[in-house]
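Structure first, then comments.
No lab work stands behind these numbers, since they all come straight from the coordinates. Owing to the predicted nature of the structure, the values given are computational and were not obtained by experimental measurement. Neighbour counts run over all protein chains shown; Cβ positions are idealised from the backbone, glycine included.
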Amino acid sequence: MIRAVLPTMRKQSCGKVVVIGSIGGLIGLPFVPYYSASKFALDGLIEALRGEVAPFGIQATIVHPGDLNTTFGANRILSRNVGTTSAYQGPFQDTLQFYAAQESNAASPQTLARKVEKLSRNDHLLHA
């Protein structure tokens, strides 16, 4: 998506790229290391992009929301290797319950959308 919009932004000499990351891009979340790694990578992408596009009047930032009350957890794929004989079974189940509780008590996706909209209207994006 970024690649698709940059030519137009360069022609206009302005634009804002806002990427949705995750709290999992700031701290490694137990039992979802690949998810966290991919979110950490978004930080690197935006950091590098910011330096490339600034001379064209384009701003880039990433937003790291915490949990949101969505069906994300209901669609979680559980590892087949964490059975009842696994040393990780107890901590894994506790972590799953913690994640589910946090998600069910979290803000709505609309709350995040309003914050991103407000951020995109600011003259200067925050480097979050």
Along the stretch 87-95, Karplus-curve 3J(HN,Hα) (6.51, -1.76, 1.60; θ = phi - 60°) to the nearest Hz, with x for Gly and Pro, reads 5, 8, 3, x, x, 5, 5, 4, 5
Of 61-71, 5-15, ordering from highest average Cβ density within 10 Å down gives 61-71, 5-15
Which value does Rg/Rh take for the stretch 2-121 over its C-alpha atoms, Rh per Kirkwood?
-> 1.09
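Sum up the charges of everything whose Cβ sits under 14 Å from the Cβ of ALA54, counting Lys and Arg as +1 and Asp and Glu as -1, but leave ALA54 out.
Spelling it out: positives minus negatives among the neighbours equals +1.
List the relative contact order of the stretch 2-121 as a percent without decimals, with contacts defined as Cα pairs under 8 Å and 6+ residues apart.
Once divided by the residue count of the stretch 2-121, the mean separation gives 28 percent.
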Could you list which residues have their amide H under 5 Å from that of VAL17, counting only those 5 or more apart in sequence or on another chain, with H placed in the peptide plane?
-> GLN59, ALA60, THR61
Among residues other than LYS39 whose Cβ falls under 15 Å from its Cβ, what is the net charge (Lys/Arg +1, Asp/Glu -1)?
-> -3
Determine ³J(HN,Hα), in whole Hz, for all residues of the stretch 6-21 in sequence, where each value follows from phi through the Karplus function 6.51 cos²θ - 1.76 cosθ + 1.60 and θ = phi - 60°; x replaces Gly and Pro.
-> 4, x, 5, 4, 5, 4, 7, 6, 6, x, 9, 9, 10, 9, 8, x
